[in-house]
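Visitor: Please see the structure below; I have some questions.
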Amino acid sequence: MSQLDAVEVEISILLGRSKIPIGQFLRMGRGAVIPLDARESDEVWVLANNHPIARGEIVIQGEKVAISVTGAADVNDFYAAA
């Protein structure tokens with residue numbers, strides 16, 4: 001096994017963001033819906049170890065959800081949207 005094969009990277013997909021008061025968050029139960037600042041047509045962020053590396057779009061494949069990478073991430077855009 002090469003050294004690169006031993007490196008683990010956590011990949012996350014960020015669909016959108018939301019700001020809500022902590023009191024409201026704590027009152028939420030199972031099935032609660034949190035509105036996001038994203039629209040259905042918006043690209044998603046692909047994060048590696050919580051660092052933006054790419055943009056992508058959601059693809060539905062039967063019963064599975066996947067991400068199609070559309071381009072590199074602009075780190076400045078990611079943090080400006082926060």
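Visitor: Along the charge dipole of the chain, pointing to its positive end and built from +1/-1 on Cβ of Lys, Arg, Asp and Glu, which listed residue (VAL65, ALA6, PRO21) has its Cα farthest out?
Guide: In the chain, that residue is PRO21.
Visitor: Report, in deg cm²/dmol and to the nearest 500, the calculated mean residue ellipticity at 222 nm for the chain, where each DSSP H run with n ≥ 4 adds -39500 (n - 2.57) and the sum is divided by the residue count. Please list the in-between numbers first.
Guide: Details: 2 runs with 12 residues, N = 82.
So the helix-based figure for the chain works out to -3500 deg cm²/dmol.
Visitor: Amide H to amide H, which residues 5 or more places from ILE67 or on other chains are under 5 Å from it, using H placed in the peptide plane?
Guide: VAL59
Visitor: For a quick check: sort GLU10, GLU63, GLU43 by the number of other beta carbons within 10 angstrom, fewest at the front. Write down the numbers at each step before the final one.
Guide: Values: GLU10 8, GLU63 5, GLU43 17.
Ascending Cβ contact count within 10 Å gives the list GLU63, GLU10, GLU43.
Visitor: The range 3-56: D in µm²/s via Stokes-Einstein (Kirkwood Rh, Cα pairs, 25 °C, 0.890 mPa s)?
Guide: 179
Here, each number is a calculation from the coordinates, and none is a lab measurement. Here the structure is a predicted model, which means the values were calculated and not measured. Glycine gets a Cβ as well: all are built from the backbone with ideal geometry, and neighbour counts include every protein chain shown.
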